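I have placed the structure first, in the form of structure tokens, so that the comments after it can refer back to it.
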Amino acid sequence: MNKKVCLLVLAGLLCSRGLLAEETTKSFTGSELVVTSSRVEEEKKNVTTNITVISKEEIKQSSAKDLGDLLAEKNIGAVVKYTGTLTGIGIRGFRTESHGNDLMGKVLVLLNGRRAGTGNLAKIAVGEIERVEIIRGPAAVQYGSAAIGGVVNVITAKGSGVPTLSFAQEIGSSDYTRTTLGTSGKVGNLDFSGSVSLAEMGDYKTGSGKTYYNTAYDDQTSGSLNIGYEFTPGHRIGVNYTYFKVGDGGSSSYLSQNDLDDSFEKENYSTDIVYEGRTADSSLSWMARYFTGRDSDVWYDPTGSNPDYWDDDTPYTSEVDHKGAQAQLTYNHDFFRATAGLDWVNYEEVSTPYAPYKSEYDNMAEFLLLNGFLFDKHLVLSAGFRYDTYDLTSQGYEDSSESSRDADNFVMNYGIAWHVADGIKLRASYAEGFKMPASRELAADYVSYGTHYVGNADLEPEESTTCEVGVDVADGRFASSLTWFTTDFKNKIQSVSLGSGVSSWENLDGAKISGFEGDVSYAFEPFGSNWQFRPYASFVYLTEFEDDSTGDRLLYTPEWNATVGLRISDRRGFSGVFNLAYTGESDIEDYETSWAGTVITKGGFAVANLAASKKFQLDEKKGGRALTIKGEVNNLFDRDYQFVKGYPMQGRSFTLGLRVDI
């Protein structure tokens with residue numbers, strides 16, 4: 001039904017007499033460059049879907065310490081945040097898999113346009129992020145499996161200008177400290193940008209004043225390096241490296257069962273080698289990339305409460321090695337653009353000891369993305385196609401046989417954007433999404449906490465179809481966007497009991513999810529041009545989010561999410577932001593009070609953050625020596641709140657930072 005409705009909308013817009021009357025149309029004024037939607041750099045005004053950009057300036061003003069904190073402030077959907085460096089994000093009723101690799105989720109996290117290898121947003125620091133681009137809705141044509149609810153693309157900074165060196169020190173509540181050393185610049189044809197950060201924090205108190213023990217972490221190290229060399233004009237080869245590790249973190253479980261001796265180690269690192277080139281007239285451009293990395297988690301639970309078959313002195317480990325390659329070629333013309341390419345990814349996962357398990361996931365894909373620009377680029381048409389093939393293998397106990405399965409999948413999308421007047425764009429799109437069954441779901445054979453899990457080789461991919469229509473307005477200092485979307489989700493994969501202590505997975509009915517997304521901001525200068533005030537607001541409202549089989553509301557899916565705030569800046573180095581994020585009530589399974597997981601309604605909450613900074617220029621040279629002082633207050637009103645029941649967040653906290661640029 002969604003497909004028919006969407007195609008009718010697209011046809012109606014295309015056939016509109018006003019649309020074909022070139023003399024009545026004017027161009028949309030937005031010129032911000034984005035890359036995520038089409039896998040090549042383009043103006044945001046030509047994107048036919050709903051895309052949100054978090055700019056470098058917003059990131060600098062924010063009090064966020066990692067990507068999870070940043071998206072919680074932006075509040076684009078349901079946030080799943082635990083203690084101990086573990087955060088997931090939801091978009092349009094679908095979520096990342098924060099406990100495992102990104103293959104298990106339905107929202108995909110990217111790092112510079114390729115899979116980040118993790119669904120845990122807390123493993124991605126914000127230190128060297130240039131901007132974050134968020135596609136709301138399926139992006140399977142561009143990026144393959146798991147991009148059903150949306151895509152979060154983290155884009156790291158490239159060096160430019162005179163080389164600089166920076167040092168920053170932060171201190172705050174609960175014995176929080178962070179030390180950061182960074183550098184950025186360009187020398188001849190060599191550009192570089194990088195930083196390394198060391199942090200630690202002690203146990204914290206909740207908003208109700210209770211101390212939440214074993215929430216501390218030591219030796220948190222994060223860093224990134226982006227270095228490139230332009231060996232001839234238009235041809236650059238670069239190396240990107242990112243690293244995150246927590247060496248000793250507390251894992252306190254539910255506050256009501258505050259476990260004081262559990263701990264964890266988490267690590268994520270990756271290396272990319274990228275070549276980008278173009279012809280002298282830019283009619284052809286291309287990119288080739290190879291990347292490799294690892295995502296690992298280790299949990300220590302040295303208590304007598306563990307099952308007899310698990311040695312208390314042996315930690316549980318999950319280790320995923322990932323590698324891949326991308327190659328694409330783009331043809332640019334005044335009225336037409338085409339991008340064709342290949343993607344390859346390979347994941348090898350090993351977990352021990354109480355559920356000894358290993359699997360391999362190998363995926364090759366071909367894609368084609370098309371854009372047409374008509375009537376002096378007042379009309380933009382887009383289409384995309386992707387074909388994936390998969391080889392999946394799994395093995396449980398050492399003496400168990402290896403199981404395997406081959407599969408393939410085809411998806412497409414279509415879109416249209418119409419610039420009806422200066423600063424006004426109408427858009428509509430249809431997109432398909434999918435998530436391949438994980439290797440363990442297809443071919444598992446292992447025991448976990450006394451349950452024997454066996455795979456189901458007959459599982460079908462989870463699938464979705466989404467139609468959306470929207471309007472974007474950008475008129476000088478005013479910007480707004482409103483989108484309506486509806487999604488049909490089917491073939492949901494869910495764990496089911498087969499009796500006698502055996503569980504497997506089956507395809508069940510899906511869900512229908514519909515709603516509205518909107519944002520608005522306006523910049524004004526009540527005290528002259530030296531001061532700018534920008535109030536802003538955004539919201540997500542789901543009008544429908546029901547499970548097809550039960551008719552009940554989807555779990556862990558709030559009806560409302562909203563953010564309001566105010567940004568202030570002047571021309572003399574001062575900036576500040578007040579941000580209030582509201583998360584609505586949702587139905588959840590309560591495992592804190594009962595192993596049965598009784599469904600209850602979790603109440604909504606609002607959290608306010610405040611940050612301000614002042615930069616003192618130490619010489620007249622722009623970008624030269626400078627001193628910046630920054631102060632932050634998180635959970636300003638000391639609310640007692642929790643994203644996940646049983647895991648209360650920190651109460652009011654303060655941070656003071658000092659940064660020196662030379």
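The values are calculated or read from the model by the stated rules, or taken from the named source; none is laboratory data. Keep in mind that this is a model prediction, so the values were computed, not measured. Methodologically, a virtual Cβ is constructed for each residue, glycine included, from the backbone with ideal geometry; neighbour enumeration extends over all protein chains shown. These area figures cover heavy atoms from the full protein model, side chains too; ligands, DNA and RNA do not enter into them. Shrake-Rupley method; radii C 1.70, N 1.55, O 1.52, S 1.80 Å.
Things to note:
- When the charge dipole of the chain is built from unit charges on Cβ atoms (+1 for Lys and Arg, -1 for Asp and Glu) and taken about the Cα centre, the candidate among Phe335, Val599, Thr183 whose Cα reaches farthest toward its positive end is Phe335.
- Taking 7 Å steps out from each Cα toward its Cβ at Asp261 and Phe516 produces label points 5.5 nm apart.
- Using θ = phi - 60° and Karplus 6.51 cos²θ - 1.76 cosθ + 1.60, couplings along the stretch 45-54 (whole Hz; Gly, Pro as x): 5, 9, 7, 9, 10, 7, 10, 10, 10, 9
- Overall form of the stretch 445-506 per C-alpha gyration tensor (a/c, 1.5; a/b vs b/c): prolate
- Averaged per residue, the chain has 43 square angstrom of accessible surface, using a 1.4 angstrom probe with ligands and nucleic acids left out.
- Note on the stretch 432-481: with neighbouring protein chains present and a 1.4 Å probe, carbon and sulfur make up 47 percent of its accessible heavy-atom surface.
- Whole-Hz ³J(HN,Hα) from phi, Karplus 6.51 cos²θ - 1.76 cosθ + 1.60, for the stretch 33-42, glycine and proline x: 8, 9, 10, 6, 5, 10, 6, 9, 5, 8
- Each label point was placed 7 Å from the Cα along the Cα-to-Cβ direction; for Thr314 and Thr232 their separation is 5.8 nm.
- Gyration tensor verdict on the stretch 34-148 (Cα atoms; rounded if a/c is under 1.5, prolate if a/b is larger than b/c, oblate otherwise): oblate
- Placing +1 on the Cβ of every Lys and Arg and -1 on the Cβ of every Asp and Glu, with nothing else charged, gives the chain a dipole about its Cα centre of roughly 3200 debye.
- 21 Å Cα-Cα threshold exceeded, pairs from Lys74/Lys205; Lys205/Lys630; Lys106/Lys245; Lys45/Lys65; Lys44/Lys123; Lys435/Lys492: Lys74/Lys205; Lys205/Lys630; Lys106/Lys245; Lys45/Lys65; Lys44/Lys123
- Gyration tensor verdict on the chain (Cα atoms; rounded if a/c is under 1.5, prolate if a/b is larger than b/c, oblate otherwise): rounded
- Amide H partners (placed H, <5 Å) of Tyr212, local residues excluded: Tyr204, Lys205, Thr206
- Note on Phe335 and Ser503: with the Förster distance fixed at 60 Å, the Cβ-Cβ geometry gives a FRET efficiency of about 0.60.
- Loop-exposed trypsin sites (Lys or Arg not before Pro) per DSSP, neighbour cap 12 Cβ within 10 angstrom, longest uninterrupted part of the chain: 1-476
- Per-residue HN-Hα couplings for the stretch 540-555 [Karplus 6.51, -1.76, 1.60; θ = phi - 60°; Hz; x = Gly/Pro]: 10, 10, 8, 8, 8, 7, 10, 6, 5, 7, 10, x, 7, 5, 5, 6
- Where GluC sites (Glu not before Pro) fall in DSSP loop in the stretch 581-610, at most 13 other Cβ within 10 Å: Glu585
- Helix-only arithmetic for the chain: the sum of -39500 (n - 2.57) across DSSP H runs with n ≥ 4, divided by the residue total, places the mean residue ellipticity at 222 nm at -1500 deg cm²/dmol.
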